[in-house]
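Asks: The structure is given below, and queries will be raised subsequently.
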Ligand code: TRP
């Protein structure tokens, strides 16, 4: 049986190398499997909890859309759309609010973390927290349930959200009869956490990312900023270093081993960085060209997303109709 795979990407900043290897590349590989029916979307309304201006919203939405297309997403194989175009999603969101216990939201990690921060600072526990952040997991549940998704590929940090979606689906089904499928989380094995410039997890919140489609110049300067130890040229280097971890991503096993040997043999950090730049840039270059093409042809991107939304809404309407009938409206 064909399985429906669904995942959302928040446009809260420029796509970085961690996003590519951790989420984009594996999701595109899944979409090549004919047993999977894939729905990938830009979670623009979820980004509202983070974004500050209209310009940011537009810039990052196009960045994400063009990135996925440049990385090989085929809109003939994947239903690719913007969340805000699926108006049915927001009607379902409201309905789901009414079967969601408030306590469930109090326990959501993102909200809890903000409350704890406030408490530590001796502020009111809800200071600076809006209802968008509080209700975030309910909208995410609607995103998933409205397409009857079987599997949701996400990072570990989103696991709780998928569990909440299951709880909410169950709560609805128990009250009104079975309408919703219970989605499963799909955490990919072998997709390990990527290291950033400072050796910690590559993450926007740490400010240690390398933008995927940075210009060559910017890519070079970022790579030069990678933190290394003070070992001199000629001294053996620790192969557990950030440069080696990043190098591996861009090359086959054999080249990775050769590089590792050079590090052990005392390659200087400067040379190691130059070699990393070389392989990273070769890998990214063809995709970067496509990315720039799409960024200059936004009408094409708009059309792809509109077509995606049209296809997606056929399914969303069916699910919403069933839900409305179950409730009696
Ligand atoms: N919350 C997800 C994130 O921050 C993005 C997202 C929104 C999502 N809706 C979704 C992911 C539905 C999977 C399914 O990464």
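Asks: Taking into account only those residues within the range 19-62 that are within 13 Å of the chain's Cα centre (by Cα), in contact (Cβ under 8 Å) with a residue 60 or more places away in the chain and more than 12 Å from the ligand (Cβ to nearest atom), which is farthest from residue 248 (Cα to Cα)?
Replies: First pass over the range 19-62, keeping only residues within 13 Å of the chain's Cα centre (by Cα): 19-28, 40-44, 46-47, 60-61.
The next check asks that each one be in contact (Cβ under 8 Å) with a residue 60 or more places away in the chain; those that pass are 19-23, 26-27, 41-43, 46.
Among the residues that remain, those that are also more than 12 Å from the ligand (Cβ to nearest atom) are: 20-21, 26.
Details: 20: 14, 21: 11, 26: 16 Å.
Here the answer is 26.
Asks: Taking residue 95 as the residue in question, decide whether it is part of a helix (DSSP H, G or I), over 25 Å from residue 127 (Cβ atoms) and without any contact (Cβ under 8 Å) to a residue 60 or more places away in the chain.
Replies: Criteria not met by residue 95.
Okay, residues lined up against (1) exposed (fewer than 12 other Cβ atoms within 10 Å of the Cβ); (2) within 26 Å of residue 13 (Cα to Cα):
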{"site": "213", "(1), (2)": "no, yes"}
{"site": "216", "(1), (2)": "no, yes"}
{"site": "237", "(1), (2)": "no, no"}
{"site": "240", "(1), (2)": "yes, no"}
{"site": "259", "(1), (2)": "no, no"}
{"site": "266", "(1), (2)": "no, no"}
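Asks: Here's another thing I want to ask about it. Touching a strand residue (DSSP E or B) at 6+ places or on another chain (Cβ under 7 Å) and either over 24 Å from residue 18 (Cα atoms) or within 15 Å of the ligand (Cβ to nearest atom) (or both), is that true of residue 185? Lay out the reasoning, then the answer.
Replies: On the way: touching a strand residue (DSSP E or B) at 6+ places or on another chain (Cβ under 7 Å): yes; either over 24 Å from residue 18 (Cα atoms) or within 15 Å of the ligand (Cβ to nearest atom) (or both): yes.
Spelling it out, residue 185 is indeed touching a strand residue (DSSP E or B) at 6+ places or on another chain (Cβ under 7 Å) and either over 24 Å from residue 18 (Cα atoms) or within 15 Å of the ligand (Cβ to nearest atom) (or both).
Asks: With the requirement that a residue be without any contact (Cβ under 8 Å) to a residue 24 or more places away in the chain, surrounded by 12 or more Cβ atoms within 10 Å (Cβ to Cβ) and part of a helix (DSSP H, G or I), what does the range 112-147 give you?
Replies: Once the filter is applied, which keeps residues that are without any contact (Cβ under 8 Å) to a residue 24 or more places away in the chain, surrounded by 12 or more Cβ atoms within 10 Å (Cβ to Cβ) and part of a helix (DSSP H, G or I), the range 112-147 yields 112, 114, 115, 117, 118, 119.
Asks: Still on this structure: Considering only the range 134-148, state which residues are touching a strand residue (DSSP E or B) at 6+ places or on another chain (Cβ under 7 Å) and more than 9 Å from the ligand (Cβ to nearest atom).
Replies: Those that are touching a strand residue (DSSP E or B) at 6+ places or on another chain (Cβ under 7 Å) and more than 9 Å from the ligand (Cβ to nearest atom): 147, 148.
Asks: Taking the range 165-182 as the search range and keeping residues that are in a helix (DSSP H, G or I) and crowded, with 20+ Cβ neighbours inside 10 Å, which one is nearest to the ligand (Cβ to nearest atom)?
Replies: 165
Asks: For residues that are outside any strand (DSSP E or B) and over 18 Å from residue 201 (Cα atoms), scanning just the range 1-18, find the one that is farthest from the ligand (Cβ to nearest atom).
Replies: For the range 1-18, the residue satisfying everything is 1.
Asks: Continuing with the same structure: Test residue 154 against the stated conditions and say whether it is at pLDDT below 95 and in contact with a helix residue (DSSP H, G or I) (Cβ under 6 Å, 6 or more places away or on another chain).
Replies: Against the criterion (at pLDDT below 95 and in contact with a helix residue (DSSP H, G or I) (Cβ under 6 Å, 6 or more places away or on another chain)), residue 154 does not qualify.
Asks: If you don't mind, another one. May I ask you to verify whether residue 260 is touching a helix residue (DSSP H, G or I) at 6+ places or on another chain (Cβ under 8 Å) and assigned to a helix (DSSP H, G or I)?
Replies: The answer is yes for residue 260.
Asks: Can you find a residue in the range 286-307 that is assigned to a helix (DSSP H, G or I) and over 27 Å from residue 78 (Cβ atoms)?
Replies: no
Asks: Now for a different question. For the range 149-160, check the following and say yes or no: at least one residue is more than 12 Å from the ligand (Cβ to nearest atom) and not in a loop (DSSP other than H, G, I, E, B).
Replies: No.
Asks: Inspect all residues belonging to the range 264-282 and state whether any of them is over 25 Å from residue 215 (Cα atoms) and in contact (Cβ under 8 Å) with a residue 40 or more places away in the chain.
Replies: No, because not a single residue in the range 264-282 is over 25 Å from residue 215 (Cα atoms) and in contact (Cβ under 8 Å) with a residue 40 or more places away in the chain.
The values are calculated or read from the model by the stated rules, or taken from the named source; none is laboratory data. For clarity, every value in this text was computed on a predicted model and none was experimentally measured. Every residue, glycine as well, gets a Cβ built from its backbone with ideal geometry; the counts of neighbours run over all protein chains shown.
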